[in-house]
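Contents: one structure, followed by commentary.
The values are calculated or read from the model by the stated rules, or taken from the named source; none is laboratory data. No experiment lies behind these values; they were computed from the predicted model shown. All Cβ positions, glycine included, derive from the backbone under ideal geometry; neighbour counts span all protein chains shown. Protein only, heavy atoms only, side chains kept; ligands, DNA and RNA dropped before computing areas. Shrake-Rupley method; radii C 1.70, N 1.55, O 1.52, S 1.80 Å.
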There are 2 protein chains.
Amino acid sequence: MATLPKKESRAPTTCLGLDTNYGDGLERERSRKPDHKRPEHYGVGDPTTTFSSDSSHLSSRGRISKWFWDSAEEGYRTYHMDEYDEDKNPNGIINLGTSENKLCFDLLSSRLSQSDMLQVKPSLLQYPDWRGHLFLRKEVARFLSFYCRSPAPLKPENVVVLNGCASLFSALATVLCEVGEAFLIPAPYYGAITQHVYLYGNVRLVYVYLDSEVTGLDTRPFQLTVEKLEVALQGANAEGVKVKGLILINPQNPLGDIYSPGELRQYLEFAKRHELHVVVDEVYMLSVFEESLGYRSVLSLERLPDPQRTHVMWATSKDFGMSGLRFGTLYTENRDVATAVASLCRYHGLSGLVQHQVAQLLQDRDWINQVYLPENHARLKAAHTYVSGELRALGIPFLSRGAGFFIWVDLRKYLPKATFEEERLLWRRFLDNKVLLSFGKAFECKEPGWFRLVFSDKAHRLRLGMQRIRKVLTGTLRVAEDPPSSRTQEPRGQHI
Amino acid sequence: MATLPKKESRAPTTCLGLDTNYGDGLERERSRKPDHKRPEHYGVGDPTTTFSSDSSHLSSRGRISKWFWDSAEEGYRTYHMDEYDEDKNPNGIINLGTSENKLCFDLLSSRLSQSDMLQVKPSLLQYPDWRGHLFLRKEVARFLSFYCRSPAPLKPENVVVLNGCASLFSALATVLCEVGEAFLIPAPYYGAITQHVYLYGNVRLVYVYLDSEVTGLDTRPFQLTVEKLEVALQGANAEGVKVKGLILINPQNPLGDIYSPGELRQYLEFAKRHELHVVVDEVYMLSVFEESLGYRSVLSLERLPDPQRTHVMWATSKDFGMSGLRFGTLYTENRDVATAVASLCRYHGLSGLVQHQVAQLLQDRDWINQVYLPENHARLKAAHTYVSGELRALGIPFLSRGAGFFIWVDLRKYLPKATFEEERLLWRRFLDNKVLLSFGKAFECKEPGWFRLVFSDKAHRLRLGMQRIRKVLTGTLRVAEDPPSSRTQEPRGQHI
């Protein structure tokens, strides 16, 4: 779902119409914005600039919602109209763009079909506590205490459950920020967050641009440093954009990278200094398939610098490969935030029957520890080994340290010019050759030519997908033009 | 959930703080509002006037969300802490306040536990089409075509499914209205709609006040007429409030009344004249247990006056007595509206497993027609007969024509003074005597002293609940004071 293509042509800012009072933060913002070119270390997102529409029965924000839907057409929905099927549609599109884990449906189907899963009792059919049924919140607290290795048991009263992390971003943006305010987010990042905080909340993102080139304090490509956070925050302040928080994705999407406990603590201290909320998205926390990485959840830290402003999200979508189950959860010690989010949960509720299923699943530690996780990690690792081997054989640099479902692939040498238009043309060529990838612009990567390749799929689809990628790339030899050194430099030590 | 008590003290309008820019429509609105007393035919709702909070980590709208949660404490949550149970807590609170049908859990449990309900296949575990899976939208279209008796088959592409009608109100308000704009709504109405359109959408309601007294063009108490709609619309316009649509609840909540096809058409023509959207909430359409009423869905009309602006909602919460299942649906011929709502459905999605269950349920016409509906209607009718008989024996006037789960009860003669404070005191006395009702103010009824009494509960709970009501009322004889004629006049022909 992160392959949202953006219209290349920028509509005039008046496209929302003169009579609109949508939020008004954005309008005021625009007039306040200085004319000079943006510095390249950060950027203030404005989802409305690429938008135009003439749906006369809709409000301005209705037109924006519709635009987000329509603009996803080319990628995700082209795929859905021509989905690959080994038997029925062998020439259909292979989807290596959507971040789903398709390796464990056999394990999940078998577990979810067991008789304990279907329990229908009156309390599950009646209005729930909007924070989630207590039996589920207790189970979530126990689950997170164990898998996040929290120093003390986590508490059910700090848990709010809802129908996925998209909803949680929407709710948190709304209860933490005023209209027009912003979150800092290191870019590249999972692009759908733009919509999640904007469509209902009218909250924007300030991108903290990361570089592939390793310089200064960086220890690896696309390294996040406190210095970069400071520069982006000051830049946003100077532009009159009020920043209310910082979003961290750990394990990171699309980099497949993780933050060390030391790094994490630095970012949290930075946030505390500036009284910023920190939203830590840990939806891939159990999808770290290289144990040597030593992944640590923020909830495992001995003492959080600012617990009242630290809010953690997790879901079953990625770690249990069930994006269609629609279960997500917030953990926060801030009761006001939990209550305000719970109040919005009237709009993000999940069925009592599903709440029962999730509780059953999370409490089955034997199955999780002895069946699901070992098998899932082994399958992820095998798929990753295959795809990274293929990339290596093609001489393609990439980043991927052993977490998540994707490899961040450097295809800059295949762009005739280093522009996002060329990036898009290459993406289009992949799609024409029946393989869907996600281009870097969808993640607000500032360097054209990076792609996210999802490897968590069955071997036969991966094989065919990689054949098609190879076909496109071998037919796309870089046109002359001496590449700048940073462009061909392979990220250090990232081939694993 | 409609028993939301409001704080009686009005906080100063500055309670949101000087630095807030929440929406801003409301602030502007307030300064524009003329000083003279409001006419009594309509009112412009402003959910922020009763609000105060000092949750420093929240945005102004976060504080409003939290306030809505906290303010529900006294009723709904007092009940949940002391819930009646025949064996375990016989002195607990009987809930005749929440509009749920508790009469058919046996039928539902038995149907939902059948083996066809638990199907786990990969497509249900993956990201869905956010409009809802096609198999479900097809089933919804077939279901509504049949039960709404549409002149032509309804189309799956006009269907959007999501996790309940609260979400649908939120999404429609956002895609149809700008911040600060409004919907007309005849009052009394299901009070939670205030939050649904406001919390995310920042959209307000303009109340079209209805009277218990039958005068002029009215044919029954609380009759909605086009004249009243016109007056409210003009009043809102004069106050500078832009009205974008009209909300109709049919069968009506809390009146238990239905609109005739002729009335419905008049309201729709009114809306067309003023280019207003009409949102028709038909969540009680299959809970009409008096067949003689001749209920007609808006989708049964031969020709809708303005199909592009007519949007219908239905859900399983009421008609299938499963508010905890979280399934609702929109039907609209306006593709732009359907698409814009679908785009917001990322935040209102329901599990693929539940989508399968709902489809199985809706397609089982044998069970619906031969088991569920006849039995449900018979049980509703019996419960209604019992409660209305008790009220009659107590000499209490009431309205209820045979639709919905509630009786609109006229307790004005039990208020020492005709104020909402007295209404609230009486409500409190009921609660102290362990029976939860909903007071009229929660429905924005303009006459103090009306209560909504939910009768769709098991006989033993109804008996005990009515005993407790009787006890409170026999101890609450109206103090002296000659009642004005309109106050004791019994609504015409409503004792059934």
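Odds and ends about this structure:
- Sorting the Cα pairs of the stretch A:156-195 by distance into bins of 5 Å, from 0 upward, gives 5, 17, 27, 25, 17, 8, 2 percent per bin.
- Long-range amide H partners of A:H277 with built H, under 5 Å: A:G245, A:L246
- Amide H to amide H, with H built 1.01 Å from N, B:V288 comes under 5 Å of B:G404, counting only residues 5 or more places away or on other chains.
- Pseudo-label separations to other copies for A:S71 - Cα-to-Cβ vector, 7 Å, nm: 3.7
- Theoretical FRET efficiency, 1/(1+(r/R0)^6), r = Cβ-Cβ of B:D87 and A:D364, R0 35 Å, to 0.05: 0.65
- Shortest-first distances to equivalent copies, position B:F146, nm, label 7 Å out along Cβ: 4.4
- The label-point distance for B:F135 and B:H80, in a model that sets each label 7 Å from Cα toward Cβ, rounds to 3.3 nm.
- In order through the stretch A:107-115: 3J(HN,Hα) via Karplus (6.51 cos²θ - 1.76 cosθ + 1.60), integer Hz, x for Gly, Pro: 5, 5, 4, 5, 6, 6, 8, 5, 5
- Mean Cβ count within 10 Å, highest first, over the residues of peptides B:225-232, A:194-201, A:116-123: A:194-201, B:225-232, A:116-123
- Accessible-area order (highest first, 1.4 angstrom probe) of the listed residues A:E423, A:E74, B:E291: B:E291, A:E74, A:E423
- Counting only other chain Cβ atoms within 10 Å of each residue's Cβ, the peptide A:193-206 averages 2.
- Take the stretch B:119-365 with all the other protein chains still there, run a 1.4 Å probe, and you get 25 Å² of accessible area per residue.
- Vicinal HN-Hα couplings computed from phi for the stretch B:451-463 (Karplus, 6.51 cos²θ - 1.76 cosθ + 1.60; Hz; Gly/Pro x): 10, 9, 10, 8, 10, 7, 9, 5, 4, 5, 6, 4, 4
- The orientation-averaged projected area of the convex hull spanned by the Cα atoms of the stretch A:119-365 comes to 13.0 nm².
- Counted charge near A:Y372, where neighbours are those whose Cβ lies closer than 12 Å (Asp, Glu -1; Lys, Arg +1): -2
- Kirkwood Rh in Å, taken over the protein assembly as shown so that all alpha-carbon pairs contribute: 29.5
- Position A:K458: other-copy label points at 4.8 nm, ordered by increasing distance, label point 7 Å along Cα→C-beta.
- Under the convention that each Lys and Arg Cβ holds +1 and each Asp and Glu Cβ holds -1, the size of the dipole of chain B around its Cα centre is about 240 debye.
- Taking every DSSP beta bridge that has both ends in the stretch B:119-365, the antiparallel portion is near 35%.
- Solvent-accessible area buried by A and B, counting both chains, probe 1.4 angstrom, square angstrom: 7800
- For chain B, the share of accessible area belonging to carbon and sulfur comes to 50 percent (1.4 Å probe, ligands and nucleic acids excluded).
- Shown in residue order for the stretch A:295-312 are the 3J(HN,Hα) couplings computed by the Karplus curve 6.51 cos²θ - 1.76 cosθ + 1.60 at θ = phi - 60°: 4, 10, 5, 4, 6, 8, 5, 4, 9, 7, x, 9, x, 6, 10, 10, 10, 10 Hz (x for Gly and Pro).
- Peptide B:274-282 - average C-beta neighbours from other chains (10 Å radius): 0
- Relative to the 2.2 N^0.38 Å rule of thumb, chain A has a C-alpha radius of gyration ratio of 0.95.
- Full extension of the chain segment joining A:R463 with A:Q234 gains 77.8 nm, where the gain is 0.36 nm per residue of separation less the Cα-Cα distance.
- Pairwise centroid distance, computed over Cα atoms, of the stretch B:330-378 with the stretch A:230-277, Å: 42
- Within the stretch B:119-365: Cβ-based charge dipole about Cα centre, in debye rounded to nearest 20 (Lys, Arg +1; Asp, Glu -1): 900
- Amide H contacts under 5 Å for B:S212, placed H, 5+ residues apart: B:F222
- Directionally averaged shadow of the stretch B:76-131, computed from the convex hull of its alpha-carbon atoms, nm²: 7.1
- When the stretch A:336-483 is described by a simple charge dipole with +1 on each Lys and Arg Cβ and -1 on each Asp and Glu Cβ, the residue from A:G440, A:L411, A:Q363 located farthest towards its positive end is A:L411.
- Positive-end extreme of charge dipole, the stretch A:119-365 - chosen from A:N253, A:P221, A:C148 (charges on Cβ): A:C148
- Based on DSSP H segments of at least four residues, each scored -39500 (n - 2.57), the protein assembly as shown has a per-residue ellipticity at 222 nm of -10500 deg cm²/dmol.
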